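Just below is one structure, and these are the notes that go with it.
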Amino acid sequence: MNTESRLEKILASGELAVTSECGPPRGARPEKVKEKSALLKDHVDGINVTDNQTAMVRMSSFAAAVIIKQMGLDPIMQMVARDRNRLAMQSDIIGAYAFGINTMLCLSGDHAKFGDHPMAQGVFDIDSVQMINMVRRMRDEETFQGGAKIDGAPKMFIGAAANPFADPFELRVMRLAKKIKAGVDFIQTQCIFNLDKFEEWMKGVTDRGLDEKVHILAGITPMKSVGMARYMKNKVPGMDIPDSVIKRLEGVSKEQQPEEGIKMAVESIERIKEIKGVHGFHIMAIEWEEKVPQIVEQAGLYPRPKV
């Protein structure tokens, strides 16, 4: 089995990587996964498959990742600590790897109270840092977390998330350092709108030499409208959306707002490219996957390098 994912090879080559995201459907509709993934084909090095994002029931990340793999594309299976204990996690990781899924993202997960089953019991048997450590041991030491040997270890390329904007800001770099110590290979950040603050966070990262130990992919989300920008500013925890973003979208007609949002995303990529320690971009076009190729092309990240 080929153990090196396309994303791993791109990052190892020193090229800027591009990943994107596919939210699975809220039903048994494989064609929905295929439609979304086909839109991203040839423009990205990996497709994140979310795991019951915002605590809403969706097709499992595992199943959607298998569908994407069968299309000849490169899925990044997300796994949250909210819904599984360590037994279920380890069996799903082995199962996914048996299907050739070789890249995953370890997350804590949104609390169930934010979703459509607020009464659901959160598991949180281990947190995202412990999950990273568990997957690394499964890969490198070929042992389960309980200590037993694995016969056919899953050689996962391990990812995690980072939010440079959450409070308290001064602990953000330390949190990243913990994930690096646990064994993470790459990081995808929360969507970046406050570029000054992101630059400040990256300076903290590079000052400690952490950019040499982990690949950081900067999160980019194109705004569809001023309504979306206001909603994300006021209702989505951990978001940092400067007033200048809202003012700029208010400054154009409703019909022009989507195009203006894409223009802003491309400008952000151009500026972030210049920041030391950034190794690529994670483009989260929420239910707007058809715009990802346009963003990648306009930002000068196409064609993708051959590996």
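The values are calculated or read from the model by the stated rules, or taken from the named source; none is laboratory data. The structure presented is a predicted model; accordingly, all values stated were derived computationally and were not measured. Note that we place each Cβ from the backbone using ideal geometry, even for glycine, and neighbour counts take in every protein chain shown.
Scanning segment 225-265 for residues that are out of contact with any Asp or Glu (no Cβ under 9 Å at 6 or more places or on another chain) and of a type in the set (Lys, Arg), which turns out nearest to VAL292 (Cα to Cα)?
LYS263
For (1) within 18 Å of the chain's Cα centre (by Cα); (2) assigned to a helix (DSSP H, G or I), each residue gets a yes or a no:
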| residue | (1), (2) |
| --- | --- |
| MET223 | yes, no |
| ASN234 | no, yes |
| ARG248 | no, yes |
| GLU267 | no, yes |
| ILE295 | yes, yes |
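Take ALA98 and tell me if it is over 15 Å from ILE283 (Cα atoms), surrounded by fewer than 24 Cβ atoms within 10 Å (Cβ to Cβ) and at pLDDT 95 or above.
It is true that ALA98 is over 15 Å from ILE283 (Cα atoms), surrounded by fewer than 24 Cβ atoms within 10 Å (Cβ to Cβ) and at pLDDT 95 or above.
Residues PHE198, PHE165: which one is part of a loop (DSSP other than H, G, I, E, B) and either of a type in the set (Phe, Trp, Tyr) or surrounded by 20 or more Cβ atoms within 10 Å (Cβ to Cβ) (or both)? Give the steps one after another, and end with the answer.
Values: PHE198 fails: part of a loop (DSSP other than H, G, I, E, B).
From the options PHE198, PHE165, the qualifying one is PHE165.
Identify, please: which residue in segment 1-49 is assigned to a loop (DSSP other than H, G, I, E, B), touching a residue at least 60 places away in the same chain (Cβ under 8 Å) and among the charged types (D, E, K, R) and is, among those, surrounded by the fewest Cβ atoms within 10 Å (Cβ to Cβ)? Spell out the reasoning first.
First pass over segment 1-49, keeping only residues assigned to a loop (DSSP other than H, G, I, E, B): 1-5, 14-16, 23-29, 41-45.
Filter again for touching a residue at least 60 places away in the same chain (Cβ under 8 Å), leaving 1-5, 15-16, 23, 42-45.
Now drop any that are not among the charged types (D, E, K, R), which leaves 4, 15, 42, 45.
Working: GLU4: 13, GLU15: 16, ASP42: 11, ASP45: 26.
Only one residue fits best here, namely ASP42.
Among all residue pairs at least 6 apart or on different chains, which show Cβ distances below 6 Å where the first residue, located in segment 284-306, is in contact (Cβ under 8 Å) with a residue 40 or more places away in the chain and the second is in a loop (DSSP other than H, G, I, E, B) and of a type in the set (S, T, N, Q)?
MET284/THR221
Which count do you get for residues in segment 207-256 that are surrounded by fewer than 16 Cβ atoms within 10 Å (Cβ to Cβ) and among the β-branched types (Val, Ile, Thr)?
Qualifying residue count for the region: 2.
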